[in-house]
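Beneath this line is the structure, given in structure tokens, with notes to follow.
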Amino acid sequence: MRNVTEENITDTFLGYFGKDTNPRVRELIDSLSRHLHAFARETRLTHEEWQQGLELLRETGRITTPQRDEFVLMSDVLGLSSLVDMMHSSEVGTSSSVLGPFHVSNPPSYPMGADLRGDFDGDIVLVKGRVLDADGNPIPAATLDIWQTAPNGLYSSQDHAQDEFSFHAKFTTDSDGSYRFTTVKPVPYTVPTDGPVGQILDATGRHPWRPSHLHYIVEAEGFRPLVTEVFPDDDPYLDQDTVFGVRDDLVMHYQPQAAGSFPSEGLALSGKVKSDWQLVEFDIVLVSA
Ligand code: BEZ
Ligand code: FE
């Protein structure tokens, strides 16, 4: 097409595909270009706004490092990560939720019943549950990769005062599919706001808070890996998670327990907890691969 116009530029673009283009690539770029053009037409996008958008992307690239991926964060706060996640989540098993940028590879493996709290302050929580298949049968030898922030709301990679693997751990379920460990009750925290994502949140009058949560990656042979989170039901941000990660089946009650009632065996802290404590039970259902 020689005489390209505002009206025909989209069709012209779609006509430029080479005949050997991979069909899925074609489908994705076709749809992307149609939506992008429609967005510019609908909003009557100006030169200045287009430049500002490009600058936002440039800055997103500049600030991104192997430790901090601002593109993923942008996808998270725009709801794209959660949308893609939900579209491919199984209806049978436990819901999946966002991975986030703070998972570390190869966390230390701990024996069942270990304590992640160490010397940190914060309410002691016993987390326990079972990993099950869709028929309710236990899955032994499933691995659980668990991580959370310290009580100051920071992940270890954000806080030089913490060890690299503080509040990061791996467990393997017992023969009855069960798992248990102690930690501190998670706290709400803000996603990083010192980059372009912070500017987007600011410009759109949004807060940067996530409800408190424990992250899980659960894997077992023959089952689809599950990336998920569990949220306490009393968190003030449950209905306004800035990355849209909350699902009903992931919200759990942290049950208060009286001082003196902590289990006397089976846990690293058995015999050591004199205060009151909390119990959260979270069973996880995996779907066959
Ligand atoms: C997180 O839960 O660790 C997280 C998820 C998305 C963006 C930022 C943090
Ligand atoms: Fe998190």
Worksheet item: How much accessible area does residue 11 have with a 1.4 Å probe, in Å² rounded to the nearest 10?
Response: 110
Response to the item:
GNM on the chain, Cα springs under 10 Å; top mean-square fluctuation among 90, 81, 270 goes to 270
Item to complete: Please give the calculated 222 nm ellipticity per residue for the chain, where each DSSP H segment of at least 4 residues contributes -39500 (n - 2.57) and the sum is spread over every residue; nearest 500 deg cm²/dmol?
Response: -7500 deg cm²/dmol
Discussion item. What distance in nm separates the two pseudo spin-label positions at residue 275 and residue 224, each 7 Å out from Cα along the beta-carbon direction?
Written reply: 4.0
Item to complete: Could you list the trypsin sites (Lys or Arg not before Pro) in region 167-211 that lie in coil according to DSSP, counting only those with at most 14 other Cβ atoms within 10 Å of their Cβ?
Response: 206
Item to complete: Between residue 2 and residue 176, with labels modelled 7 Å along Cα→Cβ, what's the label distance in nm to one decimal, could you check?
Response: 8.2
Practice prompt. Work out the P(r) tail for the chain: percent of alpha carbon pairs separated by more than 24 Å, whole number.
Written response: 59
Response to the item:
Computed over region 16-107, the Cα gyration tensor eigenvalues, each multiplied by 5 and square-rooted, give semi-axes in Å (largest first) of 28, 22, 15
Worksheet item: Roughly how many Å² is the accessible area per residue of the chain, as a whole number, for a 1.4 Å probe?
Response: 55
Practice prompt. Could you please report the charge total around residue 229, scoring K, R as +1 and D, E as -1 over all other residues with beta-carbon less than 10 angstrom from its beta-carbon?
Written response: +1
Worksheet item: Among the DSSP beta bridges whose two residues both lie in the chain, what percent are antiparallel, rounded to the nearest 5?
Response: 75
Discussion item. On a 1.4 Å probe surface of the protein chains, which of 272, 185 comes out largest in accessible area, and what is the full order?
Written reply: 272, 185
Item to complete: Report, to the nearest 10°, how far helix 23-43 tilts away from the longest principal axis of the Cα atoms in the chain, using its own Cα long axis and a range of 0 to 90°.
Response: 70
Item to complete: Calculate how steeply helix 47-63 sits against the longest principal axis of the alpha-carbon atoms of the chain, using the helix alpha-carbon long axis, and give the answer as 0 to 90 degrees to the nearest 10.
Response: 40
Fill in: Alpha-carbon radius of gyration plus Dmax, which is the widest Cα pair, for region 9-67 in Å
15.0, 41
Worksheet item: What is the extension gain from residue 134 to residue 14, computed as 0.36 nm multiplied by their sequence separation minus the C-alpha to C-alpha distance, in nm to one decimal?
Response: 38.8 nm
Worksheet item: Using a 1.4 Å probe on the protein chains only, how many percent of the accessible area of the chain belongs to carbon and sulfur?
Response: 54
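The values are calculated or read from the model by the stated rules, or taken from the named source; none is laboratory data. What you see is a predicted model, and the numbers here were worked out from it, not measured in a lab. Because the Cβ atoms are built from the backbone with ideal geometry, glycine has one as well, and the counts that use them run over all protein chains shown. Accessible surface is based on the protein model in full, side chains and every heavy atom, while ligands, DNA and RNA are left aside. Shrake-Rupley method; radii C 1.70, N 1.55, O 1.52, S 1.80 Å.
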